[in-house]
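Please read the structure below before turning to the comments.
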Amino acid sequence: MRNFKRNAVVVTVILFVAAAAYLNWWYGKKDDASESEVSGPGYSDEHSDNNGALAAAPTPSADIDDSGLFYSGGDDPVTGKQTTSQAAYFAETRLNRASARDAAIETLSAVTASAGASPELTDSALSKIAAIADFTQKEAEIEALIMAKGFTDCVVYISDEGIKVTVPAPEAGLSTVEVAKITDIVTSETAWKAKDLTIIEVK
């Protein structure tokens, strides 16, 4: 019975990962311009408070943020479309997210395959694998909903600590209405509250 449960979870995870890989490929194809080298000044803004309200705090950087990602560049000031640098940021974000998830699943799968693992440890690893699969599916759903609201791109990252939503933003920052749209989608589609949401604006 335990082997059946393990196999069922592994098959489910494989399907979710395959779907996520397809989405990453599709988005990467859309962002072909990201193949150009990223250079020059840029910054990453994180906006959140306990009420989910916008709290601007631009910081010049070309550094790795806590998601292991970087950004340089911004929207074209004339067309309002993504620049090559911005497209590169989102492509790199998706790649890093996929790599982190793959590594986690590989580690957890090794635990479930270990002959010396206790039933409790195996069940815990299977639960975490299932959670990762659920996060991956939910991220794709939320990204689609946010982009349907008019955002040119979006990357969502869900963890046990909360949810991060990265979106393109004009130099003036997101409007209160735009922040409300994102917050409403997140709180409607997940169990997270506004205080658990961090919106990262890519300018």
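Structure above, values below:
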| quantity | calculated |
| --- | --- |
| Residue within region 158-170 that is charged (D, E, K, R), modelled with pLDDT of 95 or more, within 23 Å of Thr84 (Cα to Cα) and touching a strand residue (DSSP E or B) at 6+ places or on another chain (Cβ under 7 Å) present | yes |
| Yes/no for Phe151 being of a type outside the set (Val, Ile, Thr), outside any helix (DSSP H, G or I), within 30 Å of Glu201 (Cβ to Cβ) and without any contact (Cβ under 8 Å) to a residue 40 or more places away in the chain | yes |
| When residues of region 80-133 are limited to those that are in contact with a strand residue (DSSP E or B) (Cβ under 8 Å, 6 or more places away or on another chain) and either within 21 Å of Ile163 (Cβ to Cβ) or among the aromatic types (Phe, Trp, Tyr) (or both), the one surrounded by the most Cβ atoms within 10 Å (Cβ to Cβ) | Tyr89 |
| Enumeration of residues in region 163-189 that are surrounded by fewer than 19 Cβ atoms within 10 Å (Cβ to Cβ), in a loop (DSSP other than H, G, I, E, B) and touching a residue at least 24 places away in the same chain (Cβ under 8 Å) | Pro170, Glu171, Gly173 |
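The values are calculated or read from the model by the stated rules, or taken from the named source; none is laboratory data. Worth saying up front: this structure is predicted, and the values here are computed from it rather than measured. Here Cβ is always computed from backbone atoms with ideal geometry, including for glycine, and neighbour counts include all displayed protein chains.
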